[in-house]
1. For the range 280-337, rounded, prolate or oblate, judged on the Cα gyration tensor with a ≥ b ≥ c (square roots of eigenvalues), a/c < 1.5 rounded, else prolate if a/b > b/c?
2. Quick one: which residues, 5 or more positions from Asp308 or on another chain, have an amide H under 5 Å from its amide H? H modelled 1.01 Å from N in the peptide plane, none for Pro or chain starts.
3. Net charge around Thr112, counting only other residues with Cβ within less than 11 Å of its Cβ (Lys, Arg = +1; Asp, Glu = -1)?
4. Return one quarter of the surface area of the convex hull spanned by the alpha-carbon atoms of the range 62-102, equal to its mean projected area, in nm².
5. Mind listing the long-range amide H neighbours of Thr252? Cut-off is under 5 Å, sequence gap 5 or more, other chains count too, H placed in the peptide plane at 1.01 Å from N.
6. Report the charge-dipole magnitude of the range 50-177 in Debye, nearest 20, computed about the Cα centre from +1 at each Lys and Arg Cβ and -1 at each Asp and Glu Cβ.
7. Output the antiparallel fraction of DSSP beta bridges having both residues in the range 223-337, as a percent to the nearest 5.
8. Work out the length of the dipole vector of the range 264-337 about its Cα centre, built from +1 on the beta-carbon of each Lys and Arg and -1 on the beta-carbon of each Asp and Glu, and round it to the nearest 20 debye.
Amino acid sequence: MVTVTADLDVPLSQLTTLGDAKDYSGLVRATLPTSGISSPIEAAVQSLPTTVVSHDLSGDTSVTVVSTDRVIAMDISGSIAATIAGLGLLDSLVARDISTTFDQVAELPVITSNAHTVNSEAILALRPDLVVTDGSIGPIDVVLQLRDAGIPVVFVDTEPSVEGVAELARQTADALGVSGAGDALGEMLSAEIEAKIAEIAEIVPAGDRLRMMFLYLRGTSGVYYLFGKESGSDVLINALGGVDVAAEIGLTGMRPMTDEAMVAANPDLILVMTNGLASVGGVSGLLEARPAVALTEAGKHQRFVEMDDGEILSFGPRTVTVLDALARAIYAPGSGS
């Protein structure tokens, strides 16, 4: 396996890229130089109490936040906690979900299980002043029970996209009483991500674009899911200059993988999470367990790119670095070790 690490100081244009994006075989691991989140140089100016709109399934409601001394952030990609860190309020976090894996929170207690299920008792025991979530982990009834127990719960409403990164920064900052910092972080991240997407476009080889697919694996549970439109993987693949083949065959959201869908999609390259791939016994284990994958161009050439579970679909402060690492792994695998 080749490992390729992001390096924002070395432009992608300086790399030796593949003449033909399809002309490569084997597994490549894309990594970040650090899993930490950078904080702003100047501390955010906080204004509390603050009242914000929470976008839960029952409709928009007003939530008043009095204190942010003890905050819990929960979502399926770890993006909210990363955003809080990016706002400079890392010390407010008192727990993490299973998808929040960056270095500074490694020692915090985990309040979700392997299936992204919320443990309400664990949360209540931590006496949080505020819970920020997007509803992507649950069950939702359990999350609402936290609100009924008197804990301010703010649901942010964003989408996994470049625009969504900025909106997440703004909504999260509003809930924490640092709206000015949210505006600044959102503008900075949007500019950086858009510049990186343009940089990637310059190294995509001429000709047919790579047909890519994101495959979610949990072998211990027998879970094999294809991610399609509106799952975040479509935004990632488009940013990387690829063709999202799951979306091409009409898949929306997360759908159980079928042999028919896999063969019809026929990806050239498959993106996976590191722990997910390990759970099925690596590439060879996956091809043995699901022979339909072996029939695709990606399967024939064992063309997989893996990245840490808590990073690859994280839309927030690390997005630009994630895109850089994946672009290097896809188009310049020879730059790795």
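What follows is calculated from the coordinates using simple rules that are stated; it is not laboratory data. Computed from a prediction, not measured in an experiment: that's the story for all the values here. A quick note on method: Cβ atoms are made from the backbone with ideal geometry, for glycine too, and the neighbour counts reach across all protein chains shown.
1. On the way: a/c = 2.70, a/b = 1.72, b/c = 1.57.
Prolate.
2. It is Thr274, by chain and number.
3. Working: positive: Arg96; negative: Asp75, Asp97.
In short, -1.
4. Working: hull surface 12.9 nm².
Answer in nm², one decimal: 3.2.
5. Lys229
6. Working: 5 positive and 18 negative charges, 55 e Å.
Around 260 debye, computed over the range 50-177.
7. If I count the DSSP bridges inside the range 223-337, around 40 percent turn out antiparallel.
8. Values: 5 positive and 8 negative charges, 26 e Å.
Dipole size: approximately 120 debye.
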